[in-house]
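Worksheet: one structure, shown below.
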Amino acid sequence: MNPLENIKVKVSPDLHDKLPRKWKKIGDIIIIDFKDIYSDDKKKEIAKIYAEELRVKTIIQKNKISGELRKPEDIELLYGNETITEISEYGIKYKLDLAEIMWSLGNTGWRSALSGPDKVSEFYTFNNPKVIIDYFAGIGYFAIQMAKGYPNAEVIAIDKNPKSIEYLSLNAKNNDVKNMKVINDDCRNIESKADVIHLGYIGNTIDFLEHAHDCLNEKGTVIFHDAYRNNWLGFKSRSDWGSIPKKFSKLVDTKGFNVAKFERVKFYGPSTSHIIAILNKN
């Protein structure tokens, strides 16, 4: 019997069609949306059942992520009171506080970076870079992977969120990373030169591309993430994803780059896609 069926056994039948069928398990914490259950007491009662069935210590009501710091808004604890958890991915251990920091399960495959399948690793494979900068490092999702994958390079990990930096420093230490410099600042204040710059932001990544261009050495490369409407990209079906969108190429050309590789990471609903691209400095 799957977990939801076990949960239904313990819940009044009139609420069965209102029970959440999906949730995000991050370490030993569940983020879930009880949007169809309006009573706070009933939410907490059912959250306890979910926690016991799924064997987690805390249940958090799904909330919004906002602002440049990408912080969760208005955390509501439905069960338990601990928001700090640990996750292991691709040989890396991460610690974070879900009340202060976002964690995207949808990017799991792409966080594998160099240790992942060919489709992913080809976007993170470079010829002996000396300096790599991660502009939106968070708790080290990509920065630690790159520091491990390029032990002879200096990795500069930057983030504006002081809580992210706190956990990034801890995660680097816990994973025995020796070649990383951690900076709590706006990436646009950085003047270091790099061979590779990682832009792992979603929303207005293009606004940071000119600064990245100035910080890149000759023939440097940007790993570029963002989200675009499929219609703007010119993609109407899955077969279109084998090409580099002309509008996107023209856009990054105005910033001094050409597109070497382009791929969809995942869909954001039916009309928008998270994309990744390798941009080489012109």
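Here are the numbers for this structure:
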item	result
Acute angle (nearest 10 degrees) that the helix 40-54 long axis makes with the longest principal axis of the chain, alpha-carbon atoms	70 degrees
Phi-based couplings in Hz for the range 208-220 (Karplus 6.51, -1.76, 1.60; Gly and Pro marked x)	9, 6, 5, 5, 4, 4, 5, 8, 7, 5, 4, 6, x
Label point at Asn189 placed 7 Å out along Cα→Cβ; residues across the range 133-170 whose backbone nitrogen lies under 13 Å	158-162
His213, His225 arranged by Cβ crowding within 10 Å, fewest neighbours leading	His213, His225
Candidates Tyr228, Tyr94, Tyr38: whichever shows maximal mean-square fluctuation once the chain is modelled as a Gaussian network with Cα springs under 10 Å	Tyr38
Tensor-based shape of the range 3-82 (alpha-carbon gyration tensor, a/c under 1.5 rounded, otherwise prolate or oblate)	prolate
Among Trp23, Tyr38, Asn81 the positive-end extreme of the charge dipole of the range 3-82 (Cβ point charges)	Trp23
Max mean-square fluctuation residue, GNM over the chain, Cα-Cα springs under 10 Å, options Arg21, Arg229, Arg238	Arg238
Approximate spin-label separation Leu77-Arg229, in nm, with each point projected 7 Å along Cα-to-Cβ	4.2 nm
Compactness of the chain - radius of gyration and Dmax, Cα, Å	20.6, 65
Two-site FRET efficiency, Arg21 against Gln61, from Cβ-Cβ distance with R₀ of 22 Å, rounded to 0.05	0.90
Simple label model, 7 Å out from Cα along Cβ direction - Asp207 to Lys44, nm	4.0 nm
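Rule-based calculations on the coordinates, nothing more; no lab input. Being a predicted model, the structure only gives us computed values, none of them experimental. For neighbour counting, all protein chains shown are included, and Cβ atoms are generated from backbone atoms with ideal geometry for every residue, glycine included.
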